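The values are calculated or read from the model by the stated rules, or taken from the named source; none is laboratory data. As the structure is a prediction and not an experimental result, all values here were calculated from the model. All Cβ positions, glycine included, derive from the backbone under ideal geometry; neighbour counts span all protein chains shown. Ligands, DNA and RNA are stripped out before the accessible areas are found, and what is left, the full protein with its side chains, is counted by its heavy atoms. Shrake-Rupley method; radii C 1.70, N 1.55, O 1.52, S 1.80 Å.
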Amino acid sequence: MSEAPATCPGTSAPDAGSASGCAGCPNRATCQSNAAAGPDPDLAAIAERMSSIKRVIVVLSGKGGVGKSTVSTQLAYSLAAPPMNQHVGLLDIDICGPSVPTLTSTQTEEVHQTASGWEPIAVSVPGSDALSPDATGTLAVMSIGHLLPSRDDAVIWRGARKHGMIKQFLRDVNWGVLDTLIIDTPPGTSDEHLSVIQTLQKSGIDGAVIVTTPQEVALADVRKEINFCRRIGVKVVGVVENMSGFVCPECAHVTNIFHPSSGGAQPMCDEFKVPFLGKIPLDPVLTRACDAGQSYASVQAEGTTSPGLSMFAEVVA
């Protein structure tokens, strides 16, 4: 769809396509047809499914390749591990480039269907006590990567089919009672993001964490992402600056690989009046942990220390 005017009442509004603010909009006919179709019957089922989830957080990035899935996964691990001990779900809605199976070492796991819906895949949480499951956190994940016949299969879908898949995830996955559901999204402000916002309009989204890298080419898109959140009414929990320098494994010296020509994420957050959550450097130890599907906390528990692990702990605290 083309860019909507600032007076747009929203695609789900009763007068979508017929309001005075719709005059001259190239999407007017589409919105009118959607409004005529009436409310989506799946929205009530999705709201009921989400009613057992206390908090929903989406992780966004205007630019691709900034480490959004890494932040999503490590945040999920952190919330589930002691001392937080939360019951956490991680939903990967990056339909064409799912990364969560690799980052949680669940590539070979299969999703099972029961009378209650799709059962998400349980992931081992560092520090959890198998003898006292009620006193420790849990982590469950779901991704289209778990549904493909082969992990190397490409997903070549248009927007309508992506939307249907995301609705099915939100409607049919049996998360049970969760403290937090983290939704890992693809980069940009397109189909997948609008699908999540529209299908969760009854149950709501509690906030968004935005991930960027220090250079201006990424920050330029993150500014658009912040404005996107404001326009659709989603609170920005804060911004994480990822790949903020490279940590030498020999001397621990930090070198700026991506030059922050405009000052990096901190000045941008000050300008837009959103919280700055912290910096995470490029760190070989953290990178190896992610490739192995481990959490940064489990690597620390093995006795490995590095500036990257310490700084990530500060960000997700």
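Before moving on, here are some points about what is shown:
- Thr304 open to solvent by 30 Å² or more (accessible area, probe 1.4 Å), at pLDDT 80 or above, at negative phi and among the hydroxyl-bearing types (Ser, Thr, Tyr): no
- The stretch 39-142 holds helices (runs of 4 or more DSSP H) entirely within its bounds, and those carrying 3 or more residues that are charged (D, E, K, R) and farther than 27 Å from Thr287 by Cα map to 42-50.
- Boolean, Thr138 is touching a Gly at 6+ places or on another chain (Cβ under 8 Å) and among the hydroxyl-bearing types (Ser, Thr, Tyr): no
- Inter-residue pairs, beta-carbon under 9 Å, first closer than 15 Å to Ile121 by Cβ and in the stretch 73-96, second at pLDDT below 90 and among the β-branched types (Val, Ile, Thr), 6+ apart: Tyr77/Val125; Tyr77/Val316; Ala80/Val125; Ala80/Thr136; Val88/Val125
- Residue check for Ala35: among the small types (Gly, Ala, Ser), in a helix (DSSP H, G or I), modelled with pLDDT of 75 or more and surrounded by 15 or more Cβ atoms within 10 Å (Cβ to Cβ): no
- Within the stretch 93-107, the only residue that satisfies the criterion of being open to solvent by less than 20 Å² (accessible area, probe 1.4 Å) and more than 15 Å from the chain's Cα centre (by Cα) is Thr106.
- Looking across the stretch 198-223, the residues that are closer than 22 Å to Thr73 by Cβ and either among the charged types (D, E, K, R) or free of Cβ contacts under 8 Å to residues at least 40 places away in the same chain (or both) come down to Asp206, Asp221.
- When residues of the stretch 264-301 are limited to those that are small (Gly, Ala, Ser) and modelled with pLDDT under 85, the one most open to solvent (accessible area, probe 1.4 Å): Ala301
- Of all residues in the stretch 247-266, none that is on the phi > 0 side of the Ramachandran plot and among the β-branched types (Val, Ile, Thr) has its Cβ atom under 9 Å from the Cβ atom of a residue that is open to solvent by less than 80 Å² (accessible area, probe 1.4 Å) and part of a loop (DSSP other than H, G, I, E, B), 6 or more apart or on another chain.
Every residue, every condition in (1) open to solvent by less than 20 Å² (accessible area, probe 1.4 Å); (2) closer than 30 Å to Trp118 by Cα; (3) not polar (S, T, N, Q); (4) not in a helix (DSSP H, G or I), yes or no:
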residue	(1), (2), (3), (4)
Gly164	no, yes, yes, no
Lys167	no, yes, yes, no
Leu170	yes, yes, yes, no
Trp175	no, yes, yes, yes
Leu194	no, yes, yes, no
Gly204	no, yes, yes, yes
Ala218	yes, no, yes, no
Phe246	no, no, yes, yes
Phe258	no, no, yes, yes
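- Among (1) touching a Phe, Trp or Tyr at 6+ places or on another chain (Cβ under 7 Å); (2) open to solvent by less than 40 Å² (accessible area, probe 1.4 Å); (3) free of Cβ contacts under 8 Å to residues at least 24 places away in the same chain, the one test that Ile226 misses: (3)
- Any hit, the stretch 278-289, residues being farther than 20 Å from Leu103 by Cα, out of contact with any His (no Cβ under 6 Å at 6 or more places or on another chain) and of a type outside the set (D, E, K, R): yes
- Any hit, the stretch 141-149, residues being under 21 Å from Gln74 (Cβ atoms), in contact with a His (Cβ under 6 Å, 6 or more places away or on another chain) and open to solvent by less than 60 Å² (accessible area, probe 1.4 Å): no
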